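**Q** Quick one: the structure is below, and I'll ask about it shortly.
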Amino acid sequence: MGKMEIESKKRRKKRRIQQAVLAAVGTVGLMSVAMVAPNIFQVLPIVMGKERYKLTFRAHTALQRLAIKGHIRFVERNGVRYAAITEKGRSALILEQARLSHMAGKKRKWDSRYRVVAFDVPEKRRNIRDRLRNTMSDLGFLQLQKSMWIYPYDCEDLVALVKADLRIGKDVLYMIVDSIENDRWIKEHFKLP
């Protein structure tokens, strides 16, 4: 495995742990920081021995990272430190759940219309633009051009969540298109009739 593959694998693992911690806190609403590590094992596959210790450490690290991102906040009640999900964290959790349900590959009936997402994010916000491209790709959209993506099914709510999460509402357009010239390759990609 090459260096880039190893780094990518580490990032995916870190993301899964953060999502599991966020899901655990989000499900309960308010969770004792001491309780996060034991509850993380209910969300992630069973882990034993040394790996369990590492995962406990990573769960606490994930809590800190989520707090820095603004997805959770720490509150103290009666001398006990709790982690509480924020609105930003709740929308990130909803976005992740939507991404996972899109990736689940549910059979849907196509209404013969395409959904096109076009964006024009300024160069000074390049990191946001790159995150948007990665998100579109993760959600299963097909890239038509650098800043134009297409999807065959209704995804307006999902796009609204992405826009809110990245705070780029005015820079992104959502369109419903009846036809696209030479669309056979698009239909083949999405396995459409």
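The values are calculated or read from the model by the stated rules, or taken from the named source; none is laboratory data. Bear in mind the structure is a predicted one, so any value in this text is a computation, not a measurement. Backbone-built Cβ (ideal geometry, glycine too); neighbour counts: all protein chains shown.
**Q** Consider Ala164 carefully, then state whether it is modelled with pLDDT under 85 and outside the structural domain of Arg11 (by TED's automatic domain parsing).
**A** Numbers: modelled with pLDDT under 85: yes; outside the structural domain of Arg11 (by TED's automatic domain parsing): yes.
Considered against the rule, which asks whether it is modelled with pLDDT under 85 and outside the structural domain of Arg11 (by TED's automatic domain parsing), Ala164 comes out as yes.
**Q** Check whether at least one residue in segment 124-136 is more than 22 Å from Leu166 (Cβ to Cβ) and over 17 Å from the mean Cα position of the chain (by Cα), and report yes or no.
**A** Looking only at segment 124-136, we keep the residues that are more than 22 Å from Leu166 (Cβ to Cβ), and these are none.
Checked segment 124-136: no residue is more than 22 Å from Leu166 (Cβ to Cβ) and over 17 Å from the mean Cα position of the chain (by Cα).
**Q** Within the group Tyr174, Tyr114, Tyr153, which residue is out of contact with any helix residue (DSSP H, G or I) (no Cβ under 8 Å at 6 or more places or on another chain), in contact (Cβ under 8 Å) with a residue 24 or more places away in the chain and of a type outside the set (Asp, Glu)?
**A** Sole residue among the options that is out of contact with any helix residue (DSSP H, G or I) (no Cβ under 8 Å at 6 or more places or on another chain), in contact (Cβ under 8 Å) with a residue 24 or more places away in the chain and of a type outside the set (Asp, Glu): Tyr153.
**Q** When you check Lys14 against the structure, is it under 22 Å from Leu166 (Cβ atoms), in contact with a helix residue (DSSP H, G or I) (Cβ under 9 Å, 6 or more places away or on another chain), of a type in the set (D, E, K, R) and at pLDDT below 75, yes or no?
**A** Here the answer is yes, as Lys14 does meet what is asked.
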